[in-house]
1. Highest mean first, how do 49-58, 184-193 rank when packing is the count of other Cβ atoms within 10 Å averaged over residues?
2. How would Tyr217, Tyr64, Tyr79 line up by accessible area, probe 1.4 Å, largest first?
3. Which of Gly88, Asn26, Ala72 sits farthest toward the positive end of the charge dipole of region 23-99, with +1 on the Cβ of Lys and Arg and -1 on the Cβ of Asp and Glu?
4. Output wanted: per-residue J couplings in Hz (rounded whole) for region 228-242, from phi through Karplus 6.51 cos²θ - 1.76 cosθ + 1.60, θ = phi - 60°, x for Gly and Pro.
5. Could you give the alpha-carbon Rg of region 105-144 over 2.2 N^0.38 Å, rounded to two decimals?
6. Using just the C-alpha positions of region 71-135 as equal point scatterers, what log10 of I(q)/I(0) does the Debye formula give at each q in 0.20 1/Å?
7. Hey, what D do you get for region 110-212 in µm²/s if you plug the Kirkwood alpha-carbon radius into Stokes-Einstein at 10 °C and 1.306 mPa s?
8. Given R₀ = 51 Å, FRET efficiency for Val208-Asn98 by Cβ-Cβ distance, to 0.05?
Amino acid sequence: SRGISMIESRQRLVWRMPSGFGSLNNLRLECDELISPIQDDEVVVKVNAIGLNFADIFTVLGLYSAATQEAAVNNQQKYFVPGLEFAGVVLEAGRAANFKIGDRVYGFRRFGAFASVVIQRDVYLRHTPEYWTDSEAAAFPVQALTAWYSLCELANCQKGSRVLVHSAAGGVGLAALTICQSLGAIAVGVVGNEEKVAVCKSAKRVIVRRKIPDAQYLAELDDSGPFDIVLDSLGAGFFHAAFDRLEQQGRLIHFGATASYGSARSGILKWPQLIWAYITRPKIDPGILTSTNRGVLGFNLIWLCNQHLAMNNCLDNLLQALTSLGADQKNPKIPPAHVGRTFSFKQLPDALRFLQGGKSVGKVVVLINDDELMMQV
């Protein structure tokens, strides 16, 4: 027998949940046929790296409504492939696409990135800078766009703005700190343990939280605030602790609830925890917003997938802002994302468990080795 690439045989590997949502244990690695032919504006990408996000965990657990609704269309749940971001090399490009075979690219998908090959419209792809690795490119789009849209489009972050960043050592958190630095905003980070403090280099101050906002945590918030902007990815009691320290005209941007739901167990055992988290979820009296002149806004990046003009405008502005941080302004470079841990493609479920455990710093990325794509014929 001899080895032949799956790509040569027009096949790919994908992670699916044939038995349905509900548990990371439901993920199965399956072989899939590549769709042919492609549309004029589509690009076929051999994926070399996949960025992981908490949204992927919520998707697999069945807690992400956008995923469950999409999978329910035409009863396609057993064929549903999670995953939002990737980087790799162009294998094929449609006649109207702005890419050619061999180009290194990174991109964003409305699910479907947990695959060795993806097909995506060219408006959702960008050329990978030559000084970025595929890991750094795959780590960039979701965290950077989430941070930029939250800070700049929703919260109107400006020079001198005082910003509280939850989960500051995570992917979105580190991206937010970098953006604050580029804009001249003053960032205070919140992290889950002492080991994560060192990575938050651009923060004015870093606060180490416990599982609940205890008296020491609240005192450190009082000493650091009030804040013009809060990026809340924790929810639970941390939501109100931050909201109560918003300045007048301040805005809290809520884009996650990992303190409430992030550690949910798989299978039926998750329901008691989820029900309790739902019952005790933060609640806001609209009258308080009026009397204190503060605002709370929610953001879900999946929305931008249907707004590609707005998404690309955000990405252009983001890249321009980040370029200003380069040490050599005669040859400006965009700072790469911080990749904290990598896993192989076949270890993808373990990578999600590691991310869910709350020990990660920066981005968790899955790498696809060519050896994993060989078949014996």
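The values are calculated or read from the model by the stated rules, or taken from the named source; none is laboratory data. Because the structure is a prediction, the values reported are computed rather than measured. Cβ atoms come from the backbone with ideal geometry, glycine included; neighbour counts cover every protein chain shown. For the accessible areas, the whole protein counts, side chains as well, though only heavy atoms, and no ligand, DNA or RNA atoms are used. Shrake-Rupley method; radii C 1.70, N 1.55, O 1.52, S 1.80 Å.
1. 49-58, 184-193
2. Ranked list, largest accessible area first: Tyr79, Tyr64, Tyr217.
3. Asn26
4. For region 228-242, the Karplus-derived couplings read 7, 9, 10, 9, 9, 10, 9, x, 6, x, 6, 4, 5, 4, 6 Hz, x marking Gly and Pro.
5. 1.12
6. Relative scattering, expressed as log10 I(q)/I(0), comes to -0.81.
7. In µm²/s, the coefficient rounds to 105.
8. E(calc), rounded to 0.05, equals 0.65.
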